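This report refers to the structure that appears directly beneath it.
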Amino acid sequence: MSDLPVTGEVSNSKLAAVFDSQAAAGAARDAVVSRAGLQPAQVKLISPAEPHPNIKLQPEGKGIWRTIVLAHLWFGVGGLVAGALAWAVLMWLGVALIVSSALVSAVAFVFMGAIAGLMLGGLVALRPDQDRYVQATQDAIADRRFSVVVHALSRDEADRAASVLTGLGAEVTRTL
């Protein structure tokens with residue numbers, strides 16, 4: 001994402017590739033490790049008989065809680081600052097309603113900015129970009145197909161892994 005710690009997960013970029021056979025999925029997993037330069041722990045194979053596929057899909061339980069806290073903290077503070085800046089600009093422009101009730105308007109702008117920031121932090125914490133990734137793997141399990149999931153540490157790693165998997169003819173679904 002960015003240099004700011006908005007999420008608490010080590011792997012923000014994830015992707016899933018679906019294959020018809022275990023042999024093809026295993027070969028793809030090995031190809032991603034060797035050709036894309038990822039560590040074996042970053043690339044998992046999920047079979048239809050996998051007893052706990054969600055552990056392989058989302059292995060960072062503590063990271064998700066850190067994401068919830070950090071996203072709300074950063075966006076809440078950012079919203080608070082944005083509200084204060086908006087109020088300051090309106091004061092500087094001399095808007096009559098703001099100037100006539102400076103304290104009340106300042107509290108309102110700061111409060112509403114913080115609330116908006118917290119709501120945006122909640123959206124980031126939900127990680128809606130991961131819905132397609134999880135759904136693709138769950139659909140593959142339901143269809144008795146095999147998935148290779150990649151937990152990339154950077155966008156570059158995700159791009160390399162996606163290139164390898166696409167080259168192997170896989171249906172690739174990725175997060176942001």
In debye, nearest 20, what is the charge dipole magnitude of segment 17-176 about its Cα centre with +1 on Lys and Arg Cβ and -1 on Asp and Glu Cβ, if you could check?
220 debye
Exposure-ranked with fewest Cβ neighbours within 10 Å first, 175, 166 stand as 166, 175
Taking Cα atoms, how many degrees apart are the long axis of helix 22-35 and the longest axis of the chain, rounded to 10 and kept between 0 and 90?
60 degrees
Would you look at the GNM of the chain, springs on alpha carbons closer than 10 Å, and say which of 58, 130, 39 moves the most?
39
With bins of 5 Å, the percent of all Cα-Cα pairs of the chain per bin from 0 is 1, 9, 15, 16, 13, 10, 8, 7, 6, 5, 4, 3, 2, 1, 0
Please determine, in degrees from 0 to 90 and to the nearest 10, the orientation of helix 131-142 with respect to the longest principal axis defined by the Cα atoms of the chain, where the helix direction is its Cα long axis.
30 degrees
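A short reminder: the numbers here are calculations on the coordinates, not readings from a lab. All values derive from a computational prediction rather than experimental measurement. Please note: Cβ atoms are built from the backbone with ideal geometry, for glycine as well, and neighbour counts cover all protein chains shown.
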